[in-house]
Amino acid sequence: MLKLFPNKIAVLIVMVTIVASAFTCQAQKAKAPAKPHNIVFIEDSWDEALRQAALQNKYIFVDAYASWCGPCKMLKKYTFSNQKVADFFNANFINVSIDMEKGDGPSLATAWRMQAYPTLIIFDAKGRPVLGEAGYMNVSQLLDFGKQGLSKKSNAI
């Protein structure tokens, strides 16, 4: 009987491990997929933003920035990374971040008459501007800006 006892313990340990593993798998399946905690931006592609806006019939939110711009960096670090901001903008907009000094940025800066960075612009699904503002915005200001933009029809900025 003493020889069988170690085997019973081993079998018991294996069974407990299997049951615990099954519960762990069930708990992981029950979790909802994680939401991004940042605004998800299309990087440096106005054309792709226009395509996505047309496909999804959404307004476009543009972060027009320059790599050397301090307030631009603050927007990315503090405002765009806020969960409420991320949830709102990811649900309601096609978001695009454009370095206005690279690629198509300089021609867009000219077309959009950029005077300062950051400049935040909301366009309708056809690429017509509805609202724009230059400078840093905190969380509540950016949420208000987004809500205001969604309520507007296109017009010249």
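The values are calculated or read from the model by the stated rules, or taken from the named source; none is laboratory data. What you see is a predicted model, and the numbers here were worked out from it, not measured in a lab. When we count neighbours, we look across all protein chains shown, and the Cβ atoms used for this are built from the backbone with ideal geometry, even at glycine.
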With the first residue restricted to the stretch 111-126 and required to be surrounded by fewer than 17 Cβ atoms within 10 Å (Cβ to Cβ), and the second required to be in a loop (DSSP other than H, G, I, E, B) and not hydroxyl-bearing (S, T, Y), Cβ contacts under 8 Å at 6 or more apart or on different chains are R113/I157; A116/G135
Given (1) within 16 Å of the chain's Cα centre (by Cα); (2) surrounded by 22 or more Cβ atoms within 10 Å (Cβ to Cβ), G149 misses just (1)
Note on G132: of the conditions (1) closer than 16 Å to G149 by Cβ; (2) in contact (Cβ under 8 Å) with a residue 60 or more places away in the chain; (3) touching a Ser or Thr at 6+ places or on another chain (Cβ under 9 Å), unmet is (2)
The condition of being touching a residue at least 12 places away in the same chain (Cβ under 8 Å) and touching a His at 6+ places or on another chain (Cβ under 8 Å) holds, among S67, S97, S81, only for S81
Reported set for the stretch 135-157 where residues are touching a residue at least 60 places away in the same chain (Cβ under 8 Å) and β-branched (V, I, T) is V139
task = Return yes or no: is P106 touching a residue at least 24 places away in the same chain (Cβ under 8 Å) and more than 16 Å from I42 (Cα to Cα)?
result = no
*Got at least one residue in the stretch 52-67 being aromatic (F, W, Y), closer than 17 Å to P106 by Cβ, in the same structural domain as S140 (by TED's automatic domain parsing) and crowded, with 21+ Cβ neighbours inside 10 Å?*
yes
Subset of the stretch 127-142, residues farther than 19 Å from Y65 by Cα and surrounded by 13 or more Cβ atoms within 10 Å (Cβ to Cβ), comes to R128
S97 passes all but one of the listed conditions (1) of a type in the set (S, T, Y); (2) surrounded by 13 or more Cβ atoms within 10 Å (Cβ to Cβ); (3) more than 11 Å from F61 (Cβ to Cβ); the exception is number (3)
